[in-house]
1. For the range 31-60, what are the residues that are under 13 Å from the mean Cα position of the chain (by Cα), assigned to a loop (DSSP other than H, G, I, E, B) and either modelled with pLDDT of 95 or more or within 14 Å of Leu4 (Cα to Cα) (or both)?
2. Just checking, does the range 36-47 include any residue being surrounded by 20 or more Cβ atoms within 10 Å (Cβ to Cβ), in contact (Cβ under 8 Å) with a residue 60 or more places away in the chain and of a type in the set (Gly, Ala, Ser)?
3. Could you please let me know if Ala19 is among the aliphatic types (A, V, I, L, M), part of a loop (DSSP other than H, G, I, E, B) and buried (at least 20 other Cβ atoms within 10 Å of the Cβ)?
4. Do the conditions hold for Ser20, that is, is it among the polar types (S, T, N, Q) and either modelled with pLDDT of 85 or more or in contact with a Gly (Cβ under 9 Å, 6 or more places away or on another chain) (or both)?
5. Considering the range 73-118 alone, what residues qualify as being buried (at least 17 other Cβ atoms within 10 Å of the Cβ) and acidic (Asp, Glu)?
Amino acid sequence: MPYLVDGNNLIGRERRGKASDDDRSALVHELSDRLRRTRARVLVFFDGTGSASSLGNLTIRFSGSGTADDEIVREAARSRNPRDVTVVTADRDLARRARDAGSQVAAPEEFWSRFGSARGGREPDSDPPRVDVEEWTRFFEDEKNRRR
């Protein structure tokens, strides 16, 4: 099931302003980290111009002189089965247009919760698991634990 993400909308909800290049890069990086462990296919659309690119199952597109919303609706309508497409946005007008095109809609919070947290599944503020190096050393020093 492909996800069509309204990139500027997700950034706007966090930053409360116009998306900068740094904001866009941060969003793409966050998505890439979260999607790395999945088979989900995600297309992120941004308003304006920029270089389209792909990072595995993550594709970044720009609307050019049109709007990202129009590009998202066009992409959903082009799908063989629009019901299998999920548009990720908090924009009510875009959500209505996506539903009219036959797609599902997910709020950004729902989308983020589907893909867990970044950084290997740990919550951002949690400490990494501790490793007892001495215990590992003792384990591998024991002949019966070595493969030959």
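The values are calculated or read from the model by the stated rules, or taken from the named source; none is laboratory data. Since we're looking at a predicted model, the values are computed, not measured. Reconstructed Cβ throughout: ideal geometry from the backbone, glycine too, with neighbour counts over all protein chains shown.
1. Ala40, Asn57
2. Taking every residue of the range 36-47 in turn, none turns out to be surrounded by 20 or more Cβ atoms within 10 Å (Cβ to Cβ), in contact (Cβ under 8 Å) with a residue 60 or more places away in the chain and of a type in the set (Gly, Ala, Ser).
3. So Ala19 fits the description; yes.
4. Numbers: among the polar types (S, T, N, Q): yes; either modelled with pLDDT of 85 or more or in contact with a Gly (Cβ under 9 Å, 6 or more places away or on another chain) (or both): no.
Spelling it out, it is not the case that Ser20 is among the polar types (S, T, N, Q) and either modelled with pLDDT of 85 or more or in contact with a Gly (Cβ under 9 Å, 6 or more places away or on another chain) (or both).
5. Glu75, Asp91
Rundown of residues vs (1) of a type in the set (Ser, Thr, Tyr); (2) under 18 Å from Gly116 (Cα atoms); (3) in contact with a strand residue (DSSP E or B) (Cβ under 7 Å, 6 or more places away or on another chain), yes/no style:
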position	(1), (2), (3)
Asp21	no, no, no
His29	no, yes, no
Arg37	no, yes, no
Val42	no, yes, yes
Glu75	no, no, yes
